[in-house]
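Inspection log for the structure reproduced underneath, given as structure tokens.
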Ligand SMILES: Cc1cc2nc3c(=O)[nH]c(=O)nc-3n(C[C@H](O)[C@H](O)[C@H](O)COP(=O)(O)O)c2cc1C
């Protein structure tokens, strides 16, 4: 058997689609606010990056409550993309985040191609923004969101228009609610995206059998948390083999071991989402877990593990 020599400090930094990350651990959009909400629990400068809650052109109130329902090993949410709009984000939220030494990736969405383009134009060239993550996959709004991300032509046309509106690294966040996610990854590549994020939440529903009503006011919601992790790992693995774009993998990551599953499947970076609600320091624990496991295995650089799952 090969002898393993433990490493004291493995290299964790990576270049993701031109974005310099000090380590591969990011926050998943919508589960970490705009960073400030978690700053008393987490030194944001220790994170590879913060992917902020989705931003639209105008403020959005979101869906009526109840908007969250806990499920076995996960949760359903139908927040409805509540956010203060891009102008308030730029004037009130970004200045706070900019104080930290972490990459800021802005998740954004719209109800029409024009709205997506409008947000991208406003973000272009703003100091302190490292990249844009385009949400084409939210299951909790009636128009936009998933309506784009589940139609190949709409995906290509939308992402091509956003591509023309910004020079920032562009990351498409894909929907898992499709038959073959690799087709959508190819459409994003053809539209000029620099990277991919996957997965967003899976469309789900829960019913209160006593009052015979859905648990969420929106009826359906997005399922997240450990329950979806095997689906997410499978999709990252499929996409990594099909398209040569770097991937941010997410879906149910709670520990360093979970994160390494995604990296071995082909993700270059990972994002921690629902786990932040259970443990506000989940991101830091994922980071120290990755470092400990790869050091024990004598792996000098986390990059050497990307896509290295042995099959067959
Ligand atoms: C409460 C909540 C809000 C979310 N809001 C957004 C959002 O604004 N934009 C987006 O692209 N994804 C959003 N997501 C999806 C997450 O970023 C992530 O893709 C998904 O939850 C899977 O990761 P997880 O299982 O670690 O939570 C949200 C998820 C949750 C649970």
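Tabulated results
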quantity: Beta bridge orientation in region 90-230: antiparallel %, DSSP, nearest 5; calculated: 35
quantity: Distance (nanometres) between label positions extended 7 Å along Cα→Cβ at residue 309 and residue 45; calculated: 3.7
quantity: Angle in degrees between helix 113-123 and the longest Cα principal axis of the chain, rounded to the nearest 10; calculated: 50
quantity: Space enclosed by the convex hull of the alpha-carbon atoms of the chain, per residue, Å³; calculated: 132
quantity: Modelled FRET efficiency - R0 51 Å, residue 101 with residue 179, Cβ distances, 0.05 increments; calculated: 0.80
quantity: Förster-model FRET efficiency, 25 Å R0, residue 241 and residue 157, C-beta, rounded to 0.05; calculated: 0.45
quantity: Packing-based ranking, highest mean first, of 76-87, 3-14, 54-65 given that Cβ atoms within 10 Å are counted; calculated: 76-87, 54-65, 3-14
quantity: Highest-first arrangement of 124-132, 183-191, where packing means the average Cβ count within 10 Å; calculated: 183-191, 124-132
quantity: Principal-axis tilt of helix 181-190 within the chain, Cα atoms, nearest 10 degrees; calculated: 90
quantity: Rounded FRET efficiency, nearest 0.05, which uses the C-beta distance separating residue 285 from residue 87 and R0 of 35 Å; calculated: 0.50
quantity: Gain in span if fully extended, residue 190 to residue 231, counting 0.36 nm per residue against the direct Cα distance; calculated: 12.3 nm
quantity: Fraction of antiparallel bridges per DSSP, region 26-108 only, in percent to nearest 5; calculated: 45
quantity: Packing-based order for 92-104, 282-294, using average beta carbon neighbours within 10 Å, highest first; calculated: 282-294, 92-104
quantity: DSSP beta bridge pairing in the chain, given as percent antiparallel to the nearest 5; calculated: 40
quantity: Folded to 0 to 90 degrees: helix 256-265 orientation relative to the chain principal axis, Cα; calculated: 90
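Computed from the coordinates by the stated procedures, all read-outs in this text should not be read as laboratory data. Keep in mind that what you see is a predicted model, and the values were worked out from it rather than measured. Please note: Cβ atoms are built from the backbone with ideal geometry, for glycine as well, and neighbour counts cover all protein chains shown.
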